[in-house]
Structures are given as structure tokens and as C-alpha cells.
Amino acid sequence: MARPVNSITRFNMTSLALGLAFLYLPIVILVIYSFNASRLVTVWGGWSLRWYHEFFNDRAMLDAAWMSLSVAAVSATLATLLGTLAAIGLARGERFRGRALFSGMLYSPLVMPEVISGLSLLLLFVALSAERGFWTVTIAHTTLTMCFVTVVVQSRLSALDRSLEEAAMDLGCDPVRAFLMVTLPLIAPAIIAGWMLAFTLSLDDVVIASFTTGPGSATLPIRIYSEVRLGVKPEINAICTLVIALIAVIIVVASFASKLSNARGESAAPL
Amino acid sequence: MPLLRIEGVAKSFGNFRAVDKVSLDIRAGEFFALLGPSGCGKTTLLRMLAGFETPDEGRILLGGNDIAQVLPHERPVNMMFQNYALFPHLSVRDNIAFGLRRAGMPRAEIATRVAEMVALVKLEGMEKRKPDQLSGGQRQRVALARSLARRPQVLLLDEPLAALDKKLRESTQGELMELQRRLGMTFIIVTHDQEEAMTMAGRIGVMDAGRLVQVATPRNLYEAPATRWIAGFVGDVNMFDGQVIASGQGRLTVSTSEAGSLTVSEMWPPVTKNVVSVAIRPEKVRLSRRAPALDEGGAQTINRLDGVVADVNYLGGVTTYKVRLESGATLRASMANTARLDVDAYLAGQRVVAWFTADDCLVLEQ
């Protein structure tokens, strides 16, 4: 009898351990060093919560974190709204003119280098003489993340059987009600997943934010980046550990959302 | 006035004419089948009755009112979808109640009606399950209950049994017929399976390339097909092309290259052209070891052909034979295995006489 591929052998366990170490060892080290009592990043001085304490008293860092979270929340919400509408247009409006052009333009931010997007947005905001700050970053992040939402929602929509909406209409729903009562509940997991994707992308972005933000409204990644240039403080490790924790929570929620969608007998939204 | 009148309905998709000037009357309480190969336009016609497609021309009169332009949710017609289209996020009960809630029926009445529907399709105890917790046959029942719940004037069924296996399909056919009789509702079913259409429907409309080519009872469709194409599409048939060389006393003599000269009874309406096809169903061809005695066909004229058994297929209830005629053409015959012991069986290579009466032949224009 052939041995199943997934059996536990010494070789399998070793390669699994090496693979996981390759991916997660840097993060584990970062988390451990965030509890380091020493002022020097590379020297272990015993366990301490000192740098977390320092972070929560660092006004500028806290402002940047708050800025980042609110930009991420607002831009993710806007991107989800617009991206879902675009996905519906693409998946359901098969016959409209210029559909190919629309879909190409919608997806261009996926392949466009961020430096170019950032620079062109900067030029636009300067030309409009818009005051750069919270709203310019939010708008920039919305344009960046919207296409990701569209990809996620559209793939879910096109996997959905058209005859479900027809059945709803057959049973007395007008087209709008059919969408709200049948399609929307079925694509909700994809919409939630899209929002979370947009949120983490926005939280993570340095390039576009650095082009479009103004003085006094730095996001967390920009702030960290400028601090690190002056030498890594252990406080950065603490901040990064908190961000990792936040993202871990989001990933767990997102996988629950796609589990929920599996339980409904449909294919899961790709993430 | 029939319940449903389809008048000169046509529908094109781009250059493709899916439905070409179809006219058809359907009476209240009828079980009607639209039969045809895939792409013949039967599903498009059904979707126009449901309101998912709008006809380019013609009228659809339901109880005297033209509904051709009425939106699906405003028609007193419901459809059972081929893949059932059950709402995966709703339970069996909520699926069945969906249309009733949209109609604004009071809660208590909805509960009664749902219970009635659940009992009708024998799904008691399954009310709280989601569609993915049901078997294929159970899903089919939920879809049926959901489309019947609003008590539509006409129920449209799009290949309702296509997804079921053979045994289940046969028992479900019987249940559907029983249900239709009990409710006295009008059913229009679309199918590509001629046996299914013949089993269930009172009348069958055969479609080909967007046109309705014949509307008839199952028996007439099989025994008196209107065209050569229908004779070949519905059931199995031997077809010999030839020319009428003599006629008189209700008989035609057709000279064929493959089966020699055949005597056939004239049909109504009589053929108008000289070039015809003679069609004979395999079960009407009889085989014997010697030439039949003259009185075996009664007063009828008998056509006899000599040949050699080329192939024997034993199918349980019947055995089908391929007989190689002297011309080299093949004649198919099927015989019921009425005795358990094979006293009547023929073997491959055996010389036989194949014979059939003039009345059993069909004369069709080419």
C-alpha cells in the first residue's frame, strides 16, 4: 500500500518547520524584541512592557496611528461601495457599450506602479490647490483599493447563478428587490472580505500616502519610516506588534466570513 | 377561448432566429410538453411565457389579456427552473414561503399554505434544512413546491427531471402527473427527452429550428408524424426513399432502391409529390423463418423482404435485430420477448423473411 502524501514523516515535518520559519521567524523575532527591556534593538535585556508604555505616551505616534486607522476605515468603506457597484456593472451589465474599456481602466491600479499613481494624484491635488491632509490621502487610497474590492466581488457575482435572481422575480420581486433579497445576502461575505482587504492595503501603504499627505497629518507607516531613518528604536517593534495583532484579528474575521459563505453551499470568495 | 394563446410569437438574438412565428393554444388543465433537440427554441419560448424574454413579434394571451410585455413578477405564471434555483441562504420553509410573502399574504395563511405544500411534495420534517443539506430528488421537490405555492394559472417546467437519475426520474414522472391531475393546474413542460414527453403529456408540441412543426397527442405523434424529420426524431424508424409508381384503392406502390417495390396504404392528407419516403417502425417489422402464409396479414397487403440477420441485441424486454437485405441495406426489427425460453430467437447469420403490412407503413414527403 502506498503511503499517503500527508503522512507524518521526519522529512515532511522538517520541511514544514523550515518553511514556516522562513515565513514567520522575522515576525516572531520582532514580537519577542518588542518586549525587550534594553534600549539597544539587538541586545536582549530581559522582558519588559517598557516600549508599549512609551508608545502610548508618544503623542505624535498615537496621532499617526489614529490618522492611519481613520483613513483606512473611511477609504475602505468608500472603496467597498464604489467597487461593489462597479462589480455589479461588470458582472450584470453584459451588453453596455465600452464594457471592455471600463473593466480595463478599473483594473489598471492593480498593475500601475504606486509611485506613478502617487505622483499623478499629487499633481492633481496641486492643480486643484486642494489642501493636502486626511481627505487627500483617503481619496488616494480609495482609488487604489477600489479595484481590489471589484475583483473580489465580481468573481463572486459571476460564480452566482443568474437564475436565482430570475427565480426571485418569478416569485414576485421587482429587479431591485430581487437583488436586495437574494443577490446581496449571497455576495455579502465577498463584500466583507473586500472591505478588509481595502482596509489592510490602506493601513500598509507608504508610497501613495507620502505623495498625497500634508504636513502634520502623517500616517503611521510614514511616521515609522521617518523614525527608522534615524535608527530603529525598540518602540517601533512594539507598534509593529500591535499592527500585526490587529491584522491577525482581521484575517480571522475574514476567514470566518468566507467559512460562512462556504456553509451556504457556494464557492468561497477568493482572498 | 383557450387559457393560453400564443399568436405568431417570434424572437431573435442578433441574427439567430430562436423562435420563428409560433402559434399555439393551450387549454386550462392541460399537461403540455414542448419537445425538441437542444437549440430548437423551446426554452426561449418558455422563457417568453415566464417573462424573462420579450417577444419581438406576436402576442401571448393569458385568459384573454396580452401579457407579452408584462414583467415576470406581475404574471400569474410560475416557473420551475432546470437547476431548481433554490435560494441557498434560505431554509426549505423560507424558500417555499418566498413568493407568498412577496404577495403580501397574512402570516397565518402563509404557514398553512407552506405546510400544505410540504405535505404535497412529501418533505415533512425537512422544513428547517438548507438546500445544500438535501438530496437531488428532495431539491427537485422543494423547487416544485415553491413554484406551486402561489397557485399560478400556468406552471412552467424547464427540464424538471433532467438532473435526476433514471429510476428517480421515472417515479417522479408519475408523481408529477398525479399532482397535475389532482390540482387541475395547467402544466407546460420543456424537455428534450421524447419518452418523458410521451409519458407525461396529453399533447406534445415538437419544435425544430425555432418552428413548431407538429402538435399532437403522443400516439398521433408516433404513429402519424407530419414530416420525415419528426418520424426520425420521435422513436426509431426504418426509412426507404423511393418514387410512387402506381396508386389506387387506397394503396400506393412505391419503388425503392433499397427495399424493392413496397405497397403502402395512402395517408391523410395524401402525399402530393411523387418522390416520397416510406417509414416503418422496427416493432412493426416481423421476422419469420419461412414466408408468411397469405392469411397471416388478414386482408392486408403484405410486404416481404428476404435477408440475413446481421446483428442481435438482447435488451431484456425486447430483442432488436439488424437484417441485411439483398440490396445491402439494413432493416431494423424489434420483437418483444414474450416467452422466457428462446424458441423464437434468431441467430446472427440466419436467413429470415422480414415482413410488414401496408397499413403499418408511413408515406412521408421528402
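Each value in this text was obtained by applying a stated rule to the coordinates, not by laboratory testing. Note that the coordinates shown come from a computational prediction; the quantities given were computed from them, not determined experimentally. In this analysis, Cβ positions are derived from the backbone assuming ideal geometry, glycine residues included, and neighbour counts consider all displayed protein chains.
The table below gives the values:
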| read-out | value |
| --- | --- |
| Prolate/oblate/rounded label for the stretch A:1-150 (Cα gyration tensor, a/c 1.5) | oblate |
| Likely footprinting exposure, A:Thr80, A:Thr14, B:Thr263, fewest C-beta neighbours within 10 Å first | A:Thr14, B:Thr263, A:Thr80 |
| For the stretch A:75-221, size of Cβ-based charge dipole, Lys and Arg +1, Asp and Glu -1, in debye | 240 debye |
| Average Cα contact separation per residue, the stretch A:35-158, under 8 Å, 6 or more apart, as relative contact order % | 33 percent |
| Lys/Arg +1, Asp/Glu -1 at C-beta; the stretch A:69-198 dipole; positive extreme among A:Gly93, A:Ser70, A:Val182 | A:Gly93 |
| The stretch A:1-85: trypsin sites (Lys or Arg not before Pro) falling in loop per DSSP and having at most 11 other Cβ within 10 Å | A:Arg39 |
| Longest segment of chain B lacking trypsin sites (Lys or Arg not before Pro) that sit in a DSSP loop with at most 16 other Cβ atoms within 10 Å | B:130-272 |
| Separation of the B:Ser23 and A:Met13 label points, Cα + 7 Å toward Cβ, nm | 8.3 nm |
| 18 Å Cα-Cα reach of B:Lys11 towards lysines, excluding residues that sit fewer than 8 places from it in its own chain | B:Lys21, B:Lys42 |
| Residues A:Phe22, A:Phe199, sorted so that the one with the fewest Cβ neighbours within 10 Å comes first | A:Phe22, A:Phe199 |
| Relative contact order %, the stretch A:1-94, counting alpha carbon pairs below 8 Å whose residues are six or more apart | 12 percent |
| B:Trp229 versus B:Phe13: modelled label distance in nm, points set 7 Å from Cα along the beta carbon direction | 1.9 nm |
| Degrees between helix A:99-111 axis and first principal axis of chain A (Cα, 0 to 90, nearest 10) | 10 degrees |
| Furthest towards positive pole of dipole, B:Leu341, B:Ala209, B:Pro72, structure part chain B, Cβ charges | B:Pro72 |
| Rounded to the nearest 20 debye, dipole of the protein assembly as shown from Cβ charges on Lys, Arg, Asp, Glu | 940 debye |
| Residue-averaged [θ]222 nm for the protein assembly as shown, counting only DSSP H segments that reach four residues, each worth -39500 (n - 2.57) | -14500 deg cm²/dmol |
| Dipole of chain A [Lys/Arg +1, Asp/Glu -1 at C-beta], most positive-end residue of A:Asn36, A:Val153, A:Thr143 | A:Asn36 |
| Along chain A, longest interval not containing exposed GluC sites (Glu not before Pro), exposed being DSSP loop plus at most 12 other Cβ atoms within 10 Å | A:132-271 |
| Cα-only Debye scattering, the protein assembly as shown: base-10 log of I(q)/I(0) at q = 0.06, 0.09, 0.12 Å⁻¹ | -0.58, -0.93, -1.22 |
| Helix B:107-120 vs. chain B, principal-axis angle (Cα, 0 to 90°, nearest 10) | 20 degrees |
| Percentage relative contact order, the stretch A:118-266, counting C-alpha pairs under 8 Å, at least six apart | 35 percent |
| Modelled FRET efficiency - R0 56 Å, A:Ala73 with B:Thr217, Cβ distances, 0.05 increments | 0.25 |
| Full-extension gain in nm, A:Ile251 to A:Ser48, via 0.36 nm per residue minus C-alpha separation | 70.3 nm |
| For the stretch B:78-133 versus the stretch B:1-28, the gap between their alpha-carbon centres in whole angstrom | 31 Å |
| Shape of chain A, Cα gyration tensor, a/c cut at 1.5 | oblate |
| Cα-based helix-to-principal-axis angle, B:136-148 vs chain B, degrees rounded to 10 | 70 degrees |
| Cβ charges +1 (Lys, Arg) and -1 (Asp, Glu), total dipole of chain A, debye | 460 debye |
| Point-to-point label distance, B:Met1-B:Asn337, nm (Cα→Cβ direction, 7 Å offset) | 5.6 nm |
| Taking A:Trp135, A:Trp44, B:Trp268 and counting other C-beta atoms within 10 Å, the order from fewest to most | B:Trp268, A:Trp44, A:Trp135 |
| Neighbour-limited loop hits for chymotrypsin sites (Phe, Trp or Tyr not before Pro), the stretch B:42-90 (at most 13 other Cβ within 10 Å; DSSP other than H, G, I, E, B) | none |
